[in-house]
Amino acid sequence: MTIQLPDGQGGVRAYEPRSEPLAVTTGSPFTSRTVFSAAHVVADPFADVSPDSPAAVDWDATLAFRRHLWSHGLGVAEAMDTAQRGMGLDWAGAAELIRRSAAEAKAVGGLIACGVGTDQLTGPATLAEVRAAYEEQLALVEESGAQAILMASRALAAAASGPEDYLEVYGHLLRQASEPVILHWLGPMFDPALEGYWGSSDLDAATDTFLEVIAAHPDKVDGIKVSLLEARREIDIRRRLPQGVRCYTGDDFNYPELIAGDEKGFSHALLGIFDPLGPLAAEAVRVLDTGDAEGFRALLDPTVALSRHLFQTPTRFYKTGVVFLAWLAGHQSHFTMVGGLQSARSLPHFARAYELADGLGLFPDPKLAEERMKTLLSLYGVNQ
């Protein structure tokens, strides 16, 4: 059986889906790397909302997806940009998500870390207001029992006049954190409002400030997540970290080589692409746990084409592809997103994502994925 897919040039082409998924198993936590998957939220398709309304979340489906990730040994990075934080999910929704997911993690013994930001600020803010917003969110995450991830802040990027403001705000937060946190550097390709973060658009200067924050408080930093899509810069930062501070790659373009590492070290992982890749990624890391780096790369390297496709510019809309694949894989019953973000990618983009994911064997039920893809195609006027 074949399916007619748009070819991106105004026509269609025939594609033959695979009939069997990749064979993967669930299992215990990993031994060689700490691996988090940033997780998406499932919208409530029956809610009468507009794109400007507060997010209506299907909590049952959202938490079920997190149990899916935990069942494969992955940690969940909650309320991050993959969960449409600042792109459909406001602070009130993120707070509820943190509470519910942290409680679910405790119930099933799952690893969880949650994003701490300043998105309750909706207009211009002073540095004192930015710091207070961070403090409010940090308190909620710590009260939930989850590890905190200090996310990059749009409000801080707008309020800061230079590196010294970042040093002051982050220094204050790290001093009061009750447990070591993960620091998150998200590049402007993911959020244009973060241009010039750490006080400079010069990445070398910004890196120096970032490392200065860590060096001043190494006991309060469990690790860093770097999302700049530059493998060489991540490796350079990784080699300059104080002893005991981990690097969690956030590079959705170069993750296999960064996780595998080299003779001088390796990266752990906190990745949005591990939302659709969860079972396969877990299988690869278990192979790496045995010391088989070549086997790890053999499993994970072929996934890079899909990741680069989903994260193509404008990169911030990668969430649309992530949720699309979750629908095809049967993790949710519909393809709608909070904020109406399902409209953010084109039909040729969806078709290519389907083809690449199917080729990897990511769909537990390939026939279901094919039927759902045909349903979407029919809505766009593509006859089979």
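List of remarks:
- Environment charge of L306, counting only residues whose C-beta is closer than 13 Å and scoring Lys/Arg +1, Asp/Glu -1: -3
- Within the chain, percent of DSSP bridges classed antiparallel, to nearest 5: 20
- Where the chain is the region considered: accessible area per residue in Å², 1.4 Å probe: 40
- Overall Cα dimensions of segment 19-71 - principal axes, largest extent first, Å: 44, 32, 16
- Relative pair counts by distance (%), Cα atoms of segment 272-329, 10 Å bins: 24, 46, 25, 6
- When the GluC sites (Glu not before Pro) in segment 242-350 are filtered for DSSP coil states and for at most 14 other beta-carbon atoms within 10 Å of their beta-carbon, the remaining sites are E263.
- Amide hydrogen proximity for M337: with H placed 1.01 Å from N in the peptide plane, the residues at 5 or more positions away or on another chain lying under 5 Å are Q342.
- Each pair of Cα atoms in segment 208-267 enters the Kirkwood radius, and Stokes-Einstein at 20 °C and 1.002 mPa s then converts it into a translational diffusion coefficient of 185 µm²/s.
- Taking a straight line from the alpha carbon of K374, these lysines sit under 22 Å away, with near neighbours fewer than eight places off in the same chain left out: K319.
- Along segment 7-18 the Karplus relation, 6.51 cos²θ - 1.76 cosθ + 1.60 evaluated at θ = phi - 60°, assigns HN-Hα couplings of 9, x, 10, x, x, 10, 9, 8, 10, 9, x, 6 Hz to successive residues, with x for each Gly and Pro.
- A DSSP coil position with no more than 14 other Cβ atoms inside 10 Å describes the following chymotrypsin sites (Phe, Trp or Tyr not before Pro) in segment 283-384: Y380.
- Prolate/oblate/rounded label for the chain (Cα gyration tensor, a/c 1.5): prolate
- Bridge type composition, segment 172-278 - antiparallel percent by DSSP, nearest 5: 10
- Remark: segment 268-384 is approximated by an ellipsoid whose semi-axes, taken from the C-alpha gyration tensor as √(5λ), come to 27, 16, 12 Å, largest first.
- Percent antiparallel among DSSP beta bridges (both partners in segment 1-135, rounded to 5): 40
- Cβ-derived FRET efficiency at R0 25 Å, E143 paired with A64, nearest 0.05: 0.55
- Summarised as an ellipsoid, segment 155-262 has semi-axes of 21, 18, 11 Å, derived from the eigenvalues of the Cα gyration tensor scaled by 5 and square-rooted, with the largest first.
- Look at the alpha carbon pairs under 8 Å that are at least 6 residues apart: their mean separation over the length of segment 197-248 gives a relative contact order of 37 percent.
- Considering only alpha-carbon pairs that sit under 8 angstrom and 6 or more positions apart, the relative contact order computed for the chain is 21 percent.
- For segment 21-137, the relative contact order is 25 percent, taking Cα pairs closer than 8 Å that sit 6 or more residues apart in sequence and dividing their mean separation by the residue count.
- Amide H contacts of K225 (H built 1.01 Å from N, in plane; Pro and chain starts excluded): L183, H184, W185, Y248 sit under 5 Å, all sequence-distant by 5 or more or on other chains.
- Remark: the R239-F253 segment gains 3.1 nm on full extension, using 0.36 nm per residue and subtracting the alpha carbon distance.
- Sorted largest first, extent of segment 208-314 alpha carbons per principal axis (Å): 39, 37, 21
- Note that segment 321-384 shows a convex hull volume over its alpha carbon atoms of 80 Å³ per residue.
- Given their separation in residues at 0.36 nm each and the Cα-Cα distance between them, S53 and D365 gain 108.9 nm when the chain is fully extended.
- Accessible-area composition of the chain, carbon plus sulfur, in percent [1.4 Å probe]: 50
- Annotation: for a label point projected 7 angstrom from Cα along Cα→Cβ of D7, residues of segment 349-384 with backbone N closer than 15 Å are 352.
- Over the chain: helical MRE at 222 nm, DSSP H runs n ≥ 4 each giving -39500 (n - 2.57), nearest 500: -13500 deg cm²/dmol
The values are calculated or read from the model by the stated rules, or taken from the named source; none is laboratory data. Every value quoted in this text rests on a predicted model; they were computed, and no experiment measured them. When we count neighbours, we look across all protein chains shown, and the Cβ atoms used for this are built from the backbone with ideal geometry, even at glycine. Please note that ligands, DNA and RNA were not included when accessible areas were found on the heavy atoms of the full protein model with its side chains. Shrake-Rupley method; radii C 1.70, N 1.55, O 1.52, S 1.80 Å.
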